[in-house]
Amino acid sequence: MLNTIKIDEIYDANIEGLENEGAGVCKLNGMVVFVPKALTGEKVRIRIIEIKKNYAKGKVIEVLEKSKHRVDSGCPYYEECGGCNLRHQDSKENLKFKKEKVENAIKRIGKLDIKVNDVVSSFRDDNYRNKASFKVENNKIGFYSEGTYQLVDIKECKLMKKEINDSLYYIRKYLEENKNEIKNVTVKYGNAMNEILIDIYSVNESDINICDFLINNLPSLKTIIFNDKIVYQNGYISQIINGLMFNCSAKSFFQVNDMQAEKLYNLAIKSANLKESDTVLDLYCGTGTISCIVSSYVKKVIGVEIVEDAVRDAKCNLMINNINNVKFIVGDAAKKVSKIKEKVDVIFVDPPRSGMDRKMISIIKNIKAKKIVYISCNPVTMARDLNYLSDTYITSKVTPVDMFPNTAHVECVCVLKLK
């Protein structure tokens, strides 16, 4: 059947379900149409804004028949901003969506028949993020609209901790009062001392004047990085998690939901059933969070990370917490792991969204650790990797963790046992 839908035309549609990123899915004249901000079971009036070869994209103009799970987003920027995408659905249904998302990935991509546990819910759904990366255009600052480079100017983000929104107020004040060529501003909050780190990038060195302005107006400001140079204090903020202190620099990875991260790490450690005689390999270890937390349960931990700044922070974190049974190796995991001579009993792996490459998976298989704890922020690549490992390991447990409330994203903890 020839597709007869057209750009900018208006249609009424019935939403049949949600796709992986939380957009509603419907069919018009035989073509699949993705509709952000629409919910399963709703009848919506939409305008077609994009047509591709195999699908189209629509924008909700009016909700004709509402889902019982639809709620007020409570955010004035929500309809345009791309920062989060499930504020219009109640929390209980969001958790159900995330569990089904993981189940579908494991079944369809992983080709595995595994029971997925219920999602571990978050203590709070808003004001949980300890990091924000804002885009800047002249006197505007905010996030891009979903799927575009159209900047949505915002004064407050509901997902961010209060201290980040307070920082945004003064950054915005400077931008509005001064001509500038600043392009990006990242703000991090450290819960240990209520500290703020601000990392600024500009194409004009004269914009360094913003630093003095922020120092004079933000009492919680601990450190500033401008164009990759530390210009105020030591370049770190401190986080406390699972009873340990961690220094975090601008480029180092740290879980953005620190309260929920404690649940995540406790679940991972409990699932590993660690023994005092175990040697643990922590791949993609970042600032050494897992390595340090695990260290008190085992004989030795070896952490591997490609980002030099992160390993520098990780080594500092060992000294801060008086840990002496962990060593960190900087470099590409696939290259470094093959040179490790120690017998590894348990592997913790927390890869980027792209997952592990085939070479890394092959190396892990050759190690033959008795157990792997796989932590992932992307169910699709996770399911793919579980499938690749399935000839050597049995996936015994999958537990989703809601690290990112009001968004379609979900973290998972998987336990794999050697066959």
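Results, tabulated for the structure shown:
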quantity	calculated
Selected from ILE114, LEU175, TYR128, residue furthest toward positive end of dipole (region 97-207; charges at beta carbon)	ILE114
Area of CYS316 that stays accessible when all protein chains are in place (1.4 Å probe, Å², to 10)	30
R0 of 45 Å, Cβ-Cβ distance GLU137-LYS92: FRET efficiency to nearest 0.05	0.75
Electrostatic dipole magnitude of region 167-268 [Cβ: Lys, Arg +1; Asp, Glu -1; Cα centre; debye, to 20]	180
The chain, relative contact order in percent, only Cα pairs under 8 angstrom and at least six apart counted	13
DSSP bridge pairs, region 1-90: antiparallel proportion in percent, nearest 5	90
Within region 34-132: Cβ-based charge dipole about Cα centre, in debye rounded to nearest 20 (Lys, Arg +1; Asp, Glu -1)	400
Surface share of carbon and sulfur [accessible, 1.4 angstrom probe, percent] for the chain	48
Total charge dipole magnitude, the chain, about the Cα centre, Cβ charges on Lys, Arg, Asp, Glu only, Debye to nearest 20	1740
Loop sites in region 66-133: chymotrypsin sites (Phe, Trp or Tyr not before Pro), DSSP, at most 15 other Cβ within 10 Å	PHE123
Near-label residues of region 2-36 by backbone N, under 16 Å of a point 7 Å along Cα→Cβ of GLN150	7-9, 35-36
Contour excess over end-to-end distance, with Cα ends at LYS111 and LYS365 and 0.36 nm allotted per residue	89.6 nm
Charge dipole of region 334-407 about the Cα centre (unit charges at C-beta), most positive-ward option of ILE375, MET360, PHE348	MET360
Whole-number percent relative contact order across region 182-257, with pairs defined as alpha carbons under 8 Å at least 6 apart	28
Alpha-carbon centroids, region 300-335 and region 2-48: separation in whole Å	48
Cut-off 13 Å between beta-carbons: net charge of the residues surrounding CYS81, Lys and Arg +1, Asp and Glu -1	+1
Label-point gap, in nm, between GLU181 and ASN14 - each point 7 angstrom along Cα→Cβ	5.7
Accessible area in square angstrom per residue, region 45-142, 1.4 angstrom probe	58
Over the chain: helical MRE at 222 nm, DSSP H runs n ≥ 4 each giving -39500 (n - 2.57), nearest 500	-7500 deg cm²/dmol
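The values are calculated or read from the model by the stated rules, or taken from the named source; none is laboratory data. Source: prediction; values computed, not measured. Ideal geometry is used to build each Cβ from the backbone, glycine not excepted, and the neighbour counts take in all protein chains shown. Side chains are part of the model used for accessible areas, which takes the heavy atoms of the whole protein and leaves out ligands, DNA and RNA. Shrake-Rupley method; radii C 1.70, N 1.55, O 1.52, S 1.80 Å.
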